[in-house]
Structures are given as C-alpha cells and as structure tokens.
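Here the structure comes first, spelled out in structure tokens, and everything after it is commentary.
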Amino acid sequence: MSRSVHTSPLPIRADRRVRAPFAARGQGDPRRARAAHRRLKYRGLIPDAPPAPAPPDPPRLPRVVVHPPRPGHVHPATRADVEDVLRRLGPTFHYGLRAVELVRGDDAGPLVLGRFAPVGRILLHDLPGPPWRVGLKPADAERLARAGARVSGGVVEWPDATALRALVLHHVLLHELGHHLLQHHAGKRPARVARTRAHEAHAELLAARARALLLGGPG
C-alpha cells in the first residue's frame with residue numbers, strides 16, 4: 001500500500017507525470033492534504049470543511065520542432081496537426097516522449113517516411129511531391145493503399161494533400177509512437193528491447209489502437 005503512488009496504473013501515472021513532469025514523487029497526493037487538514041482541525045485552527053482540491057495543471061505536450069524541408073519536398077503535416085493528434089490521444093500514448101521533429105530526409109538513401117530515435121524522439125521526414133517512383137515490398141504497397149494512395153507498378157500517387165497529411169499523422173506518427181511506447185515502458189533503453197519483427201508488430205498494433213481512438217472503428 002505504501003508504494004501505491006509509484007505503482008499506479010499507466011493511464012493515471014502518465015497523466016500525473018505529464019501534467020507535472022518535475023514534481024517530486026508523492027507531490028499532489030490528496031492523502032497529504034487530508035492529513036495536514038486533520039492536524040489543523042484537531043488544534044481548532046481551521047473549520048471542519050476539507051479544503052477544495054486545487055485544479056490540475058494542464059497536460060504538457062512533447063516539443064514539436066519543424067526544420068525547413070529540402071527543395072522539392074514538403075512537410076505534409078504542420079506543428080499544429082501533430083500537437084492536435086498528441087492532445088487527442090492523451091498522455092498514455094505520449095508519456096515519456098521528449099520531441100517530435102519534422103526533419104529533412106537523406107537525399108542519397110531510400111525514401112524513409114519517419115523513424116523513432118531512442119530515447120524519446122520521433123523524426124518525421126520531409127516527403128517529395130507526388131508521384132513517387134519507388135521500389136515497394138507488397139506489404140509496404142498495401143500499407144500505402146490503406147492510407148489512401150493509388151499504387152501501380154512502383155508508382156505511388158496521392159489524390160490530394162489531405163491524404164498525404166493523413167498518411168503522416170495516422171500511420172507514420174502513430175507507428176513511431178508504438179516504437180516509443182515499447183522502449184519507454186521497458187526502461188527507456190537506447191538499445192532495442194525486442195527483435196525487429198516483434199518491434200514492428202508491436203508498433204503496428206499500438207498504431208491501430210491509436211487510429212481507432214482518433215477515427216473510430218477498427219484501426
């Protein structure tokens with residue numbers, strides 16, 4: 001019982017620590033306020049009515065940092081878009097996340113939509129304007145098609161900017177949040193805590209749960 005503050009369920013612990021990330025353990029525990037009230041009441045220094053609880057601090061979001069995209073590339077999602085998704089998901093999904101960064105991708109490498117950078121950072125890469133001419137595995141082509149793309153013969157077309165923004169927010173960002181949660185709840189280690197296949201499956205499962213919360217229905 002004495003460690004209930006330290007072992008509270010994840011949604012309660014995440015909400016408390018996101019609202020007051022630098023508070024000492026036990027700070028804000030209503031039991032302390034009630035005990036202090038009892039001591040003062042027994043001495044006749046205050047009336048019997050217990051004090052009204054203080055309003056909670058608003059939850060703090062991770063920093064969202066935007067770097068200018070490369071020429072011919074765009075960041076389909078804005079800082080406000082990312083903050084809105086994090087706010088709607090709540091602290092359970094972004095607890096421990098330090099920053100989401102909209103960064104410039106690598107000109108020499110393959111197309112990378114985003115990645116998780118331990119510990120506590122998610123990088124969302126700038127993207128070239130459509131159409132994309134890239135080599136795709138069947139699973140990747142299917143994932144892009146589910147996000148709203150038209151995929152044919154290695155050419156990926158997006159019907160409008162809304163679909164591309166939804167890809168970044170509802171698929172890439174949520175998938176990388178899944179990687180973050182697995183690492184963070186395993187002790188915030190920089191090294192991977194699971195094999196690549198298991199890490200990817202876990203991240204996609206959490207992304208599906210998050211999409212169901214955001215959009216309703218199956219993820």
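Before moving on, here are some points about what is shown:
- Longest to shortest principal axis, alpha-carbon extents of the chain, angstrom: 81, 34, 33
- Given their separation in residues at 0.36 nm each and the Cα-Cα distance between them, residue 36 and residue 155 gain 36.1 nm when the chain is fully extended.
- Computed helical MRE - 222 nm, the chain, DSSP H runs ≥ 4 contributing -39500 (n - 2.57), nearest 500: -12000 deg cm²/dmol
- Based on Cα contacts under 8 Å between residues 6+ apart, the stretch 63-215 shows a relative contact order of 24 percent.
- Signed unit charges on C-beta, dipole axis of the stretch 63-215, positive-most listed residue 193, 128, 154: 193
- Amide H contacts for residue 102 (H built 1.01 Å from N in the peptide plane; partners 5 or more residues away or on another chain; cut-off under 5 Å): 65, 66, 67, 124.
Rule-based calculations on the coordinates, nothing more; no lab input. Note that the coordinates shown come from a computational prediction; the quantities given were computed from them, not determined experimentally. Quick reminder, even Gly has a Cβ in these numbers, built from the backbone with ideal geometry, and neighbours come from all protein chains shown.
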